[in-house]
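Below: one structure, written as structure tokens.
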Amino acid sequence: LTVQEKISAPVNVNQKILLGLNVSNAIDRSHTPTAAAAENTRILFVEDEDSVRTFGTRALKKKGYDVIGCNSAENALEYIERDSGFNLLVTDMVMPGISGAELTKIIKEKLPDIKVILASGYSEEIVRQELDNFDDFDFITKPYSLGDLTAKVFDVLNKE
């Protein structure tokens, strides 16, 4: 009796993983907005983890979007006070100080038309409960690849 067992690594050896982000496919070229659409789209990207914020903002900027990266909800609120011309808020849910859920509520009061993407390692149902079943947001599960991020942003900005 011979048993053959194939052992595989959890990640393809050609993939690069950095702090839970798959950076080997950093930019998904199939989700590229037109130059005019991208340059007129302003994104507020809120993430307390430096590496995730850096890679996320770079990926979105490479797509042509105007992106402001913030390291905290408080920092994001400072930007909103000075400039309310944002089309999209992408925020982590779990941050020190003001949470992503609280930030979303505050910003939606000030900018009711802003689109929102919440990022969390928790399930979408848990996030919805934290937002008191507030439904005016989209969700992306962490960890996400940068291709997933750019695709989600493209989809959210282009849905009616």
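The values are calculated or read from the model by the stated rules, or taken from the named source; none is laboratory data. In this text, all values refer to a predicted model and were calculated from it rather than measured experimentally. Cβ: placed from backbone, ideal geometry, glycine included. Neighbour counts: every protein chain shown. For accessibility, only protein heavy atoms count, side chains too; no ligands or nucleic acids. Shrake-Rupley method; radii C 1.70, N 1.55, O 1.52, S 1.80 Å.
Go through the residues of segment 107-122 one by one and say whether even a single one is open to solvent by 60 Å² or more (accessible area, probe 1.4 Å), in contact with a strand residue (DSSP E or B) (Cβ under 7 Å, 6 or more places away or on another chain), at pLDDT 90 or above and under 20 Å from Glu49 (Cβ atoms).
Within segment 107-122, none of the residues are open to solvent by 60 Å² or more (accessible area, probe 1.4 Å), in contact with a strand residue (DSSP E or B) (Cβ under 7 Å, 6 or more places away or on another chain), at pLDDT 90 or above and under 20 Å from Glu49 (Cβ atoms).
May I ask you to list the residues in segment 51-61 that are surrounded by 16 or more Cβ atoms within 10 Å (Cβ to Cβ) and of a type in the set (Val, Ile, Thr)?
The answer is Val52, Thr57.
Does Glu125 fit the bill of being outside any loop (DSSP other than H, G, I, E, B), modelled with pLDDT under 95 and of a type in the set (Asp, Glu)? Walk me through it before giving the result.
Numbers: outside any loop (DSSP other than H, G, I, E, B): yes; modelled with pLDDT under 95: yes; of a type in the set (Asp, Glu): yes.
Against the criterion (outside any loop (DSSP other than H, G, I, E, B), modelled with pLDDT under 95 and of a type in the set (Asp, Glu)), Glu125 qualifies.
Which residue, of Gly85, Gly64, Gly100, Gly69, is at pLDDT 90 or above and loosely packed, with under 15 Cβ neighbours inside 10 Å?
Values: Gly64 fails: loosely packed, with under 15 Cβ neighbours inside 10 Å; Gly100 fails: loosely packed, with under 15 Cβ neighbours inside 10 Å; Gly69 fails: loosely packed, with under 15 Cβ neighbours inside 10 Å.
Testing whether each residue is at pLDDT 90 or above and loosely packed, with under 15 Cβ neighbours inside 10 Å leaves just Gly85.
For segment 134-156, what are the residues that are open to solvent by 40 Å² or more (accessible area, probe 1.4 Å) and in a helix (DSSP H, G or I)?
Asp148, Lys152, Phe154, Asp155
Of the residues that sit in segment 26-50 and are in a helix (DSSP H, G or I) and modelled with pLDDT under 95, which one is surrounded by the most Cβ atoms within 10 Å (Cβ to Cβ)?
Going through the qualifying residues, I end up with Ala38.
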